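Only one structure is covered here, and it is reproduced in the block below.
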Amino acid sequence: MAAIQSLLHRDRLWTFHGGIHVPDEKALSNSRPVEVMPLPTRLVIPLQQHIGATARPVVTVGERVLKGQLLAQAEGYVSACIHASSSGTLVAIEPHPVPHPSGLSALCAVIETDGEDAWTELPEPMTHYGQLDVAEIRERIRWAGVVGLGGASFPTSVKLNPGPDQRIRTLIINGAECEPYITCDDLLMRERAGDILAGARIMHHLLGDPRILIGIEDNKPEAFEAMRFALAETDMKGYTEIRSIPTLYPSGGEKQLIRILTGEEVPTHAIPARIGIVCQNVGSAAAVADAVLEGRPLISRVVTVTGRAIAEPRNLEVRIGTPVSDLIAHCGGYRERPRKLVCGGPMMGFEIAHPEIPVTKPANCVLALTEAETPDAGPALACIRCGRCAEVCPAKLLPQQLYWHARAKDLDRVQDYNLFDCIECGCCAQVCPSHIPLVQYYRYAKNEVWAREEEKRKAELARMRHEAKQVRLERQERERKARLRRKKESLEAGPEKGQTDQEAKKAAIEAAKQRAAAKKAAAAKAEETNDA
Amino acid sequence: MTNTLVSSPHGARPNRVDRVMQEVLLALVPGVLAMIWFFGWGVLINIALAVAVAVAAEAAVMSMRRRPIAPAIGDYSAVVTAVLFAISVPPTLPWWMTLLGTLFAIVLVKQLYGGIGYNPFNPAMAAYVFLLVSYPVAMTTWLAPDMLTAHALSFTESMRLIFTGGLPNGIAWDAISAATPLDAMRGKLDQGMLIEEIRLSPLWGDFGGRGWEWVANGFLLGGVYLLWRRIITWHIPVSMLAALAVAAGVFWLVDPTTHPFPAFHLFSGAAILGAFFIATDPVSACTTKTGQLIFGASIGLVVFAIRTWGGYPDAVAFAVLLMNIAAPTIDHYTQPRVFGHSGNRANP
């Protein structure tokens, strides 16, 4: 039955609601091969480049580290290991500005490189992974610090462990790359198609032999051809399909791509594994291949450096920890003064305050936008309820209602309108004729809701503490009263008893005095011995 | 480089409120030209007067509210309201009525509710109804279409008529005015005449009122332009016109002698203008797609009901206002199923 269905649905594509066509600007950076960025003198490697817990440093400041050496161990289940991306001296583990929308600092390992770029001893390649225990392979991927390189940076080993009850039917390799300007996945597919497929095959093995669907937007014909050519060379043809999907933002969103390729909707607040699907970015697939087949940890990635303010936009193979300013300098610096520097794409990326921040694992693009590319939208006008936002929303939300309730700080209503189904893709804000920064309102509302939940949790904790204290005080009061009562009773019982009490006290005092004297004598004696 | 961190998206925003409004104005051109052609200079004079008053009123209110004036004027929304109002009223309406109606639309219906985006009612239609109930005679005195009139008013004659109420020498009202086709149809049906007899009157053209049908075609052209430019979606106009045509068609099929052919309903009055330019006013219409279908269809049905059994001939304005009241409720019950949610979600 399933076979017939898959025959019937072969090559069939579905659509998702909404989405927009944005001028893609990919031609700026996709015409040259990936260039390897020279070694910087200083690498600043954040200890948290992934969703989950910060990795725990396992090296000491002042130590010489080697390329590929583990700097920080994944801490907890959802976490990822961090490695040195070149050899040199670890000069500090200290807070440093990192790529984050908040512009705040986080703990980083700072390496002064020695120029030798000497590798540490790497684990044995697992070329025979087919005969190995899946847990062992997963452990290797976890060790290698592989995370989702599409931008979300979820630890890959966790995603590849859906649990024994969950049968994975489909593995999706995401080569959609729908954000305008970004071409790193495009170039990766053109240049390392074989490695991407090798990684997909390892994941196929780990997930219990699901079919593999590879989705690539049709504005990347070279990448599509390269992948198809590479697939023809493998024995994966029986269970692997490469599909060209229409160019429409945000087709590369995990839930949207799943919908396009399989027709299925990931239930709200659930992960794709719930419906038997795992989705991985092409970059993550290549990184898995590096880790398993060569024992190489994730220490570099392809970054698109582009925007019309960049003199020579291109893709660079960059070591994790390289400052963004180095990348820009390597691309010939600025052609004109940028109005905005963005980490990520123009639709979902975030503005970075200054270019000294380092490249991290999920950083796929450095975008320097000119005045013309990112003109001041001017003050937001009133919402005219035109409904364009609802037409383009891929989550099928009602963005204007969300906006009204977010603006009114009506946190209950905003959740009634399913605020948390918003994927912050920016389509609504992009088409809004009143130029209302809609996504900003949703982020604000989400933060407010989280803050309120936290507040509630704290209040609950405080309440429990208060109640416990009350109980304790009452008990102490009760005990105190009981003591008083007993004392009173004993006093009333007769003076003889009181007499005995006093005698006992006297005896205790006498005993204490004797103890103190003995101690003093011992101390004096010890002093004498020392002097001697 | 700026230091102000602004949330994504970071690209240029292609849409702008003023461009949307400009497109609407552009789309009105063919219909307005047809109106001027058939009903004379009065149409243009009304538009000029209403636009001037609307812009001045908008500026005055914004200044009283201590809000920036330029963006409010620059978004062209007052101009759109003024033009829609001006083409809805008779071409010979006394100037002060046009002024009063425009002030009513901008000051009371729009600005007192908070300006653009906040008015629960369509300002042009509210003003139209306000004048209609206040001055029913003036508001229902229409010029005869150009080819049927004994005397076509020149520009100066039109000016004189509008600003002083004076008719050209030797010309009586009867010579230049005529009932609107819808009004005439109602009146003659009430007198017991049959459709076939009524259709022999020179007021009738090929599928609607003479002249009127071409005005409607002009607005239809503009409406298609708005659809093509994606300024509006098909939901409201199609559901409204379809509901009107279906309702008219059913009665026509049952008794063609006393019920006009559906095309007459579509092309004789403000149905086309209303469907594409008035009911689609985003501010006061429904926002969900299902809601828009219900909203449009309801307007179509109400238009048919008022035209067939109601006391006023001008059904579109009433129908739109009536459904404006219902719009928030319809929206509430027609929220789309959110991606990844099963079934219709529970309403808050």
*Looking at the stretch B:70-105, which of its residues are aromatic (F, W, Y) and either assigned to a loop (DSSP other than H, G, I, E, B) or under 14 Å from the mean Cα position of the chain (by Cα) (or both)?*
B:Y76, B:F85
*Which of the residues spanning the stretch A:266-306 are part of a helix (DSSP H, G or I), in contact (Cβ under 8 Å) with a residue 24 or more places away in the chain and more than 23 Å from A:L197 (Cβ to Cβ)?*
A:R274
*asked:* If I filter the stretch B:9-16 for residues that are surrounded by 19 or more Cβ atoms within 10 Å (Cβ to Cβ) and in a helix (DSSP H, G or I), do I get at least one hit?
replied: no
_All strands (runs of 3 or more DSSP E) inside the stretch A:55-148 with 1 or more residues being over 30 Å from A:H205 (Cα atoms) and within 14 Å of another protein chain (Cβ to nearest Cβ)_ = A:88-97
_Filter the stretch A:80-101 down to the residues that are at pLDDT 90 or above and in contact with a Pro (Cβ under 6 Å, 6 or more places away or on another chain) and list them by number._
A:A80, A:H83, A:I93
_over 30 Å from B:A326 (Cα atoms), free of Cβ contacts under 8 Å to residues at least 40 places away in the same chain and touching a strand residue (DSSP E or B) at 6+ places or on another chain (Cβ under 7 Å): is that true of B:A172 in this structure?_
no
*asked:* It is to be established whether one or more residues within the stretch B:95-106 are surrounded by 24 or more Cβ atoms within 10 Å (Cβ to Cβ) and among the polar types (S, T, N, Q).
replied: yes
*Does any residue of the stretch B:38-53 turn out to be within 14 Å of chain A (Cβ to nearest Cβ), under 17 Å from the mean Cα position of the chain (by Cα) and either part of a helix (DSSP H, G or I) or more than 30 Å from A:E371 (Cβ to Cβ) (or both)?*
no
*Only residues that are over 16 Å from A:I310 (Cα atoms), out of contact with any helix residue (DSSP H, G or I) (no Cβ under 7 Å at 6 or more places or on another chain) and surrounded by fewer than 22 Cβ atoms within 10 Å (Cβ to Cβ): list them for the stretch A:349-380, please.*
A:F350, A:A353, A:P375, A:D376, A:A377, A:G378, A:P379, A:A380
*Within the stretch B:299-313, can you find the residues that are among the small types (G, A, S) and under 16 Å from the mean Cα position of the chain (by Cα)?*
B:G300
_Anything in the stretch A:235-260 that is farther than 18 Å from A:L188 by Cα, in contact (Cβ under 8 Å) with a residue 40 or more places away in the chain and part of a loop (DSSP other than H, G, I, E, B)? List them, or say none._
A:P246, A:T247, A:L248, A:P250, A:S251, A:G253
*Is it true that B:V137 is surrounded by 22 or more Cβ atoms within 10 Å (Cβ to Cβ) and in a helix (DSSP H, G or I)?*
no
*With the condition kept exactly as written, say whether any residue in the stretch A:397-411 is within 9 Å of chain B (Cβ to nearest Cβ) and of a type outside the set (A, V, I, L, M).*
yes
*Starting from the stretch B:223-244, keep only residues that are surrounded by 21 or more Cβ atoms within 10 Å (Cβ to Cβ), then list their pairs with residues that are of a type in the set (D, E, K, R) and modelled with pLDDT under 95 whose Cβ atoms are within a distance under 7 Å, requiring at least 6 positions of separation or different chains.*
B:H235/B:K289
*asked:* Going residue by residue through the stretch A:265-272, is there one that turns out to be among the hydroxyl-bearing types (S, T, Y) and within 14 Å of chain B (Cβ to nearest Cβ)?
replied: yes
*In the stretch A:359-377, is there at least one residue being within 13 Å of another protein chain (Cβ to nearest Cβ), over 25 Å from A:S153 (Cα atoms) and touching a His at 6+ places or on another chain (Cβ under 6 Å)?*
yes
*Check A:Q401, A:Q415 and return the single one that is closer than 30 Å to B:P336 by Cα and touching a residue at least 24 places away in the same chain (Cβ under 8 Å).*
A:Q415
*Applying the selection to the stretch B:1-35, what residues are under 16 Å from the mean Cα position of the chain (by Cα) and of a type in the set (V, I, T)?*
B:V24, B:V29, B:V32
_Set A:M189, A:M203: member being out of contact with any His (no Cβ under 8 Å at 6 or more places or on another chain), away from chain B (no Cβ under 14 Å), farther than 19 Å from A:G238 by Cα and assigned to a helix (DSSP H, G or I)_ = A:M189
*Options A:L8, A:L43, A:L13: the member that is of a type in the set (A, V, I, L, M) and at pLDDT 95 or above*: A:L43
*asked:* For the stretch A:412-430, which positions are in a helix (DSSP H, G or I), within 7 Å of chain B (Cβ to nearest Cβ) and touching a helix residue (DSSP H, G or I) at 6+ places or on another chain (Cβ under 6 Å)?
replied: A:R413, A:A429
*Residues of the stretch A:13-51 being closer than 24 Å to A:T360 by Cβ, in a loop (DSSP other than H, G, I, E, B) and either free of Cβ contacts under 8 Å to residues at least 24 places away in the same chain or in contact with a Gly (Cβ under 6 Å, 6 or more places away or on another chain) (or both), which ones?*
none
*Which residue pairs have Cβ atoms closer than 8 Å, lie 6 or more positions apart in sequence or on different chains, and pair a first residue in the stretch B:6-23 that is more than 7 Å from every other protein chain (Cβ to nearest Cβ) with a second residue that is part of a loop (DSSP other than H, G, I, E, B) and surrounded by fewer than 16 Cβ atoms within 10 Å (Cβ to Cβ)?*
B:E23/B:R229
*Does A:K255 satisfy being more than 14 Å from chain B (Cβ to nearest Cβ) and either within 17 Å of the chain's Cα centre (by Cα) or at negative phi (or both)?*
no
*Scan the stretch A:163-171 and give yes if some residue there is hydrophobic (A, V, I, L, M, F, W, C), surrounded by 15 or more Cβ atoms within 10 Å (Cβ to Cβ) and under 29 Å from A:L43 (Cα atoms), otherwise no.*
no
_Quick check on my filter: what residues within the stretch B:252-279 are over 21 Å from the mean Cα position of the chain (by Cα), crowded, with 17+ Cβ neighbours inside 10 Å and in a helix (DSSP H, G or I)?_
B:W252
*Among the residues of the stretch A:315-344, which ones are out of contact with any Leu (no Cβ under 9 Å at 6 or more places or on another chain) and not in a loop (DSSP other than H, G, I, E, B)?*
A:E317, A:S325, A:D326, A:A329, A:Y334
*Is it the case that some residue within the stretch B:307-319 is in contact (Cβ under 8 Å) with a residue 40 or more places away in the chain, surrounded by 23 or more Cβ atoms within 10 Å (Cβ to Cβ) and within 14 Å of chain A (Cβ to nearest Cβ)?*
no
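The values are calculated or read from the model by the stated rules, or taken from the named source; none is laboratory data. All values reported here derive from a predicted model rather than from experimental measurement. Ideal geometry is used to build each Cβ from the backbone, glycine not excepted, and the neighbour counts take in all protein chains shown.
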